[in-house]
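Engineer: First the structure, then my questions, so here it is.
Derivation of every value follows stated rules applied to the coordinates shown; laboratory data play no part. Note that the structure is a prediction, hence the values are computed from the model and not measured. Glycine gets a Cβ as well: all are built from the backbone with ideal geometry, and neighbour counts include every protein chain shown.
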Amino acid sequence: MTLPESQASGWARSGNAVRPYLCYLVDVQSDDLVHLVLKLNDDEIVDQTLRGTSARSYTKVFGHDSLRTSNNTLKIIVPADQPGNLVISDLLVVYAVFG
């Protein structure tokens with residue numbers, strides 16, 4: 001994900017300014033507990049254990065410093081040594097630009 005250069009300088013990055021957030025849908029495919037970690041660049045923004053067989057949507061607010069103006073990477077990690085599996089979809093990153 002790359003943010004337009006003209007917008008990057010307009011981010012509000014301190015205090016109680018509007019913070020970015022991630023929305024996503026998780027559908028656990030078994031009755032086992034499933035551990036899910038999401039990393040945005042080098043920051044772990046989600047660490048949760050899920051159970052169930054129905055889809056649920058989640059929203060995670062994170063700090064301004066987690067986003068870069070370019071080369072953003074979101075890693076979805078489910079440890080291979082744990083039972084269960086899931087499907088994650090409908091990923092959406094929302095951020096505000098001021099200027």
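Engineer: Mind running the shape call on the range 37-99? Use the C-alpha gyration tensor, a ≥ b ≥ c as the square roots of the eigenvalues: rounded below 1.5 for a/c, prolate if a/b tops b/c, oblate otherwise.
Structural biologist: Working: a/c = 2.69, a/b = 1.81, b/c = 1.49.
Judged from the Cα gyration tensor, the range 37-99 comes out prolate (a/c at least 1.5, a/b above b/c).
Engineer: Considering only DSSP states other than H, G, I, E and B, which trypsin sites (Lys or Arg not before Pro) in the range 14-99 qualify as loop sites with at most 15 other Cβ atoms within 10 Å?
Structural biologist: Values: sites: Lys39, Arg51, Arg56, Lys60, Arg68, Lys75; in loops: Arg68.
Passing both the DSSP loop test and the Cβ count: Arg68.
Engineer: What list do you get for Val97, Val87 if you sort them by fewest beta carbons within 10 Å? Please list the in-between numbers first.
Structural biologist: Values: Val97 14, Val87 10.
Starting with the residue having the fewest Cβ neighbours, the order is Val87, Val97.
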